[in-house]
Amino acid sequence: MTHDIETKRLYIRKNTENDYKYYKMLYSGENNPINKVYKNDPELLEKSCYNTFLKCKDEVFLVFQKDTDDFCGRLELRDLDDDKELGVDFLEEHQNKGFGTESIVAFCNWL
């Protein structure tokens, strides 16, 4: 597997068609707003995850810890008319560890 970007603690790679499981991990978190909306309807949550995966798969980069290969989160580059926006979404257990900042800096330098 090729890593598009590497930092001291992380590697970041482009999303592939086999990465749907990572979307499910992000969206099924207890504090995720999408999960809160569909909490009582797992089938709709599943559809929402899959539709988001299909829609965004070409613009998404996944973030993993180097030493454990644990999935941490994703970066999503969006086109908004003439501007770009970078979305950041990390699993709760990987928040507040500096991974977001580290991955954003590396990603922007890579761009």
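The values are calculated or read from the model by the stated rules, or taken from the named source; none is laboratory data. Quick caveat: nothing in here was measured; it's all calculated off a predicted structure. No Cβ is skipped: glycine too gets one built from the backbone with ideal geometry, and neighbour counts run over all protein chains shown. SASA here: full protein model, heavy atoms, side chains in, ligands and nucleic acids out. Shrake-Rupley method; radii C 1.70, N 1.55, O 1.52, S 1.80 Å.
Key figures for this structure:
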item	result
Residues being in a helix (DSSP H, G or I) and of a type in the set (V, I, T) - total across the stretch 57-111	3
Subset tally (residues that are modelled with pLDDT of 90 or more and out of contact with any strand residue (DSSP E or B) (no Cβ under 9 Å at 6 or more places or on another chain)) for the stretch 41-68	2
Some residue of the stretch 18-25 being at pLDDT 85 or above and either charged (D, E, K, R) or open to solvent by 80 Å² or more (accessible area, probe 1.4 Å) (or both)	no
Candidate set from the stretch 57-101 (those that are over 16 Å from I5 (Cβ atoms) and surrounded by 15 or more Cβ atoms within 10 Å (Cβ to Cβ)); member that is farthest from the chain's Cα centre (by Cα)	H94
Cβ pairs under 6 Å, 6+ apart, first in the stretch 58-79 and within 18 Å of N18 (Cβ to Cβ), second acidic (D, E) and in a strand (DSSP E or B)	E59/E76; V60/E76; G73/D89; R74/D89
Count of residues meeting criterion [small (G, A, S) and at pLDDT below 90] in the stretch 69-94	1
